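Report on the following structure.
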Amino acid sequence: MTFPNALILQLAIATPLAAALVIALGLPKRFSVKLAAVAFVVPAVMALWLWSQFPAGAGARYAFTSQTSTGLDAFGISLHLGLNGIALPMFVLAGVVGAAAGLYALRSGAERLKIYLMLLLIMQGGLMGVFASIDLFFFYFFHELALIPTFIMVGTWGGRDRNYAAMKMTIYLTAGAMLSLLGLIALYVKSGADSFDLLVLRDQIAAEGLRSTWGKYIFGALMFGFGTLVSLWPLHTWAPLGYGAAPSSAAMLHAGVLKKFGLYGLIQIALPLLPDGAAHWVWVLALLAGLGNVLVIGFITIAQRDLKQMIGYSSVMHMGYCFLGIATLSLAGAGGVILLMFAHGLSVALLFMLATSVHHRTHTFELSEMGGLAQKAPVLAAFFVAGTLASIGLPGFANFWGELTIFVALWNFSPWLSAVAVGGIIISAVYGLRAAAQVFFGPPSEQVQNATAKLPFPDLEWNERLPALILLAVLFFIGFWPRALSGPVDGTLREIYPAVETRAPACSCAYR
Amino acid sequence: MTPEILRAIADSNQWWAIGPEMILGAAALALLVLEILLPKEHHRFIPTAAIVAQAVTLLGTLINFQTAWLGQETFAGMLRHTVYGQVARVFFLVSSLLVSFLATVCLPRTRMPRIEFYHLVMVVTAAMMLLAQSNNFVMLFVALETITIGFYILVSYFRDNPLSLEAGLKYLVMGALSSAILLFGIVLLYGAVGKVAVAGQTHTGLEFPILADFLRANPDNFVATVGTLLVLAGIAFKIGAFPFQIWIPDVYQGAPTPVTAFLAVSSKSAGIAVLLILVHGPLAALQPLLGPVLIAAAAATILFGNLAALTQRNAKRLMGLSGVSHAGYLLLGVAASLTVSWAIGAVWFYLTTYLLAAMAVFGVMAHLAGKDDADQELEGYDHLAKDSPLLAGVLAVGVGSLAGIPPLAGFVGKLLLFVAAFQARLYWLLAVAIVGVVISIYYYFGWIKTAWFETWRLPGAAESPGAHPPSTEPTLAGRLTLGLLALATVLLGFFQGPLGAWLQR
């Protein structure tokens, strides 16, 4: 008898949550750390297994489905789990980044480590649940389950300005979440389905249609609500501040995975269900993302003098590409966004982690106070440079495929916007390479010399190398074999996106 | 009056139908007798006896939930027994049990008499249970006055505390005024409907079915309209809805913490229960009038409550003003229930989540309060997570649920209300409510922040002055109660079980 894959999917969500519960019930610290290590790795292994098991040619159908009642069936709410081609990459991403962030946290030496690990496990469980939920109630529910620990971790274990950062993050992200919840409720009522089940909603809207005026409003609410969660300009100000203050594992999980919730929601829910509404907002989204996220934030990133803030801003900037890809309303654009989300999640997590490793050694995030680390810590330097190159979008890394596809789709949408976007690549090369150069090359700064004189200055330890290796390996794997991801993504998009593509602005047709 | 009528009236006096109320009232009296009979050294068992009596009543009500009188009128039409009435009975009993538990924490700190407190709580609870089943304005008013008069005493219970006395006076003046307004409204309705000149007439406008018939026939009767508005205003006083909320912060602060909890949970719910009875019973024909009034009141209440709570630094005032905003969300549910019938269930579900969360928070407050019960500044919550992780955890769950954060019960409560409001097409009100929720995050989260996050200080700076460990260490029973409240709040967030099916009836 084979072990049913639907059960594995449920276990991938339940394992971290159960481990968190056991730790909360008062497991001694020694066992807690071991249990947490297992609970961080198990979902990743399960996610990879499910990836290998994902049926080819599934189309828009969900695999590994299961449906459990929680008592609100009458309201069209039930725990409906499963993965389709769009959800699968995000699910794998959550597993991999979760494992890396968790393993890194085990040896982070945080005060009150047990509570820290417990919160990370809750976050991990929430993240696995978000992307496996077919029911929009639980989609939102798991998102908040992962979000709340972030606030607490920023406020308790954060660095400078942590109280302010935690407060600001909480208010911005709650406002964004409430706005998207309003959009989801509107979808629930106005579709006439009276259900939060995505499949029921899809069938209902396909059969009955939605009045176009409502589609416009609902998509607007979802766009700005999800947009706030993904740091759409000008609602992005929480992101660099929050990531700057967040403890590294929380920043890895949030910037790497949780933030993608909004983009995923737009691609999986908003666009296929509300293509008419989307067409109404396309240009607003494209301009905000192209001029705001890519150009304005790009220049702001160049001006950063703090390593962690710089990575925070660069992640806001890269979200601009994702929004641009969504705004093209094309299959290629959406596919590119999913690839880029996957790749960016890995690379930004890698960079946040290594930035903290740099901080452990130099006790500063100021770029001007660093230099010459490569001589002392060549492995750290190599990982960091690789992460930077991936984030810029060098061929050979997964990011390249995502950005390339988005640019191709963008050219069909609006050539001058694609010029802006390609210009953004130059900007990110400037700040990325300059940061790498300032930190690792050149003569050692006074600060670094002092630090090396007083203390032993170790290169990356194994507990830091292992998570970095995991992240980098997946980046390379997709960089050289993108089909492993693009296959399922394409299969699903081909079935749910035709309606979207017909709504793309007229100018795109001239180039086809 | 013919003998037949008298016999019919006598037959309708089904005493078993009000069994729970009678048991509660008798037990309340028995407490006073016990105090006289028992020797002094055994007096400490009387609170336990009070709690046991309430628990037994609750158990009996639950066992006999589907009573034989469901859907019937008893006592010559004074009472009408419905499923929602049964829900209200259970709700008020659970609430009074928890208030009694809070009293066992708070009262020993003072030298005030204790037995009377439990006595009053039980009498008031019995009155609330009758109120939620009333079918006649006389019944409604008598029950409401019993509640209000009980609260006059309870609010000023700490009579050596000036703030408690001030609160009592304020509540007395405001309560009397609101009762007067309510009574005037009732009289106007009676005058519009009643046929006082007809001899032998026993049916009057005080009876809800008669009033409903009259209003259905004359929906634009001016006197009845004014009367309806005055009745609504009187009830708005009780639930603390805008613009009748001015008494809330001072009274909530001055009243002893258990009484604050009693006001916040039971009194507010009693007001909402009456409102639901009225708008779906006698006043149902006045929907074109009720809709806009309820919507305006809900929007103003939500905004006022949240904005006023923003600047509060006292935990009790904060609970009071944020409670005003919860009254606003509930009014939103009542407004939605005019067109969406399942919204009544959603309102009760919201009340249940509010009961669990608010009682958890009040439980923490009761343990932290110092000698002066009115002095519960938020600074006192500094370092709570270190001093007492249990209390800090319960506080976080309770406050989080009040804020409506998933995965806690408060989120599901709000979600159901919002879905109902959307189905009732109250889009603008819904937008106001969402803005209110976002505002509320600021103060709720600020509270959790004080309890959990250590303030960033320069090395060597003095500790904050307000920090102190809990003044009363929670007993085993206290730990269990608080833990159960928190657990129920978490569980109800993702598993509603049979409750969910019940809602959709």
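Data for the structure
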| quantity | calculated |
| --- | --- |
| Unmet requirement for A:ILE152, which otherwise passes all of (1) in a helix (DSSP H, G or I); (2) hydrophobic (A, V, I, L, M, F, W, C); (3) out of contact with any His (no Cβ under 9 Å at 6 or more places or on another chain); (4) more than 7 Å from every other protein chain (Cβ to nearest Cβ) | (4) |
| Sole residue being crowded, with 24+ Cβ neighbours inside 10 Å and either within 18 Å of the chain's Cα centre (by Cα) or modelled with pLDDT of 90 or more (or both), chosen from B:PHE242, B:PHE237, B:PHE262 | B:PHE262 |
| Near pairs, Cβ below 8 angstrom, 6+ apart or cross-chain, from region B:358-374 (part of a helix (DSSP H, G or I)) to any residue that is of a type in the set (Asp, Glu) | B:HIS367/B:GLU473 |
| Identity of the residue in region B:365-393, out of contact with any Ser or Thr (no Cβ under 9 Å at 6 or more places or on another chain) and under 23 Å from B:VAL94 (Cβ atoms), that ends up surrounded by the fewest Cβ atoms within 10 Å (Cβ to Cβ) | B:LEU390 |
| Candidates A:LEU235, A:LEU241, A:LEU229 - the one that is under 15 Å from A:LEU285 (Cβ atoms) and surrounded by fewer than 24 Cβ atoms within 10 Å (Cβ to Cβ) | A:LEU235 |
| Which listed residue, of A:GLY71, A:GLY82, A:GLY59, is outside any helix (DSSP H, G or I), more than 14 Å from chain B (Cβ to nearest Cβ) and closer than 16 Å to A:ASP135 by Cα | A:GLY82 |
| Close pairs from region B:392-414: first at pLDDT below 90, partner of a type in the set (Lys, Arg) and surrounded by fewer than 24 Cβ atoms within 10 Å (Cβ to Cβ), Cβ under 6 Å, at least 6 apart | none |
| Residue count for region B:428-458, restricted to those that are part of a helix (DSSP H, G or I) and in contact with a helix residue (DSSP H, G or I) (Cβ under 7 Å, 6 or more places away or on another chain) | 21 |
| Residue in region A:359-373 that is surrounded by fewer than 24 Cβ atoms within 10 Å (Cβ to Cβ), of a type in the set (A, V, I, L, M, F, W, C) and more than 16 Å from A:PRO482 (Cα to Cα) present | yes |
| Subset of region A:303-328 [outside any helix (DSSP H, G or I) and surrounded by fewer than 24 Cβ atoms within 10 Å (Cβ to Cβ)] | A:ALA303, A:GLN304, A:ARG305, A:ASP306 |
| Search result, residues across region A:178-214 that are closer than 29 Å to A:PRO498 by Cα, at the interface with chain B (Cβ under 9 Å from one of its Cβ atoms) and in a helix (DSSP H, G or I) | A:LEU179, A:LEU181, A:LEU182, A:ILE185, A:ALA186, A:TYR188, A:VAL189, A:LYS190 |
| Any hit, region A:288-302, residues being of a type in the set (A, V, I, L, M), over 30 Å from A:TYR188 (Cβ atoms) and crowded, with 24+ Cβ neighbours inside 10 Å | yes |
| Yes/no for B:LEU165 being of a type outside the set (D, E, K, R), at pLDDT below 90 and in a helix (DSSP H, G or I) | yes |
| Identity of the residue in region B:6-28, in contact with a Ser or Thr (Cβ under 7 Å, 6 or more places away or on another chain) and part of a helix (DSSP H, G or I), that ends up surrounded by the fewest Cβ atoms within 10 Å (Cβ to Cβ) | B:ILE23 |
| Residue within region A:231-243 that is out of contact with any Gly (no Cβ under 8 Å at 6 or more places or on another chain), among the aliphatic types (A, V, I, L, M), in contact (Cβ under 8 Å) with a residue 24 or more places away in the chain and not in a loop (DSSP other than H, G, I, E, B) present | no |
| Odd one out for A:THR452 among (1) in a helix (DSSP H, G or I); (2) loosely packed, with under 13 Cβ neighbours inside 10 Å; (3) at pLDDT below 70 | (2) |
| Residue in region B:394-427 that is nearest to A:ILE115 (Cα to Cα), counting only those that are out of contact with any helix residue (DSSP H, G or I) (no Cβ under 7 Å at 6 or more places or on another chain) and surrounded by fewer than 20 Cβ atoms within 10 Å (Cβ to Cβ) | B:TYR427 |
| Flag if B:LEU232 is under 25 Å from B:PHE151 (Cα atoms), over 14 Å from the mean Cα position of the chain (by Cα) and modelled with pLDDT of 90 or more | yes |
| Total residues in region B:475-505, condition part of a helix (DSSP H, G or I) and modelled with pLDDT of 80 or more | 18 |
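Let's see how each residue does on (1) within 10 Å of chain A (Cβ to nearest Cβ); (2) more than 15 Å from A:ALA177 (Cα to Cα):
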residue: B:LEU402; (1), (2): no, yes
residue: B:PRO406; (1), (2): yes, no
residue: B:PHE411; (1), (2): yes, no
residue: B:PHE418; (1), (2): yes, no
residue: B:PHE422; (1), (2): yes, yes
residue: B:VAL435; (1), (2): yes, no
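The values are calculated or read from the model by the stated rules, or taken from the named source; none is laboratory data. Note that the structure is a prediction, hence the values are computed from the model and not measured. Note that each Cβ is placed from the backbone with ideal geometry, even for glycine, and that neighbours are counted across all protein chains shown.
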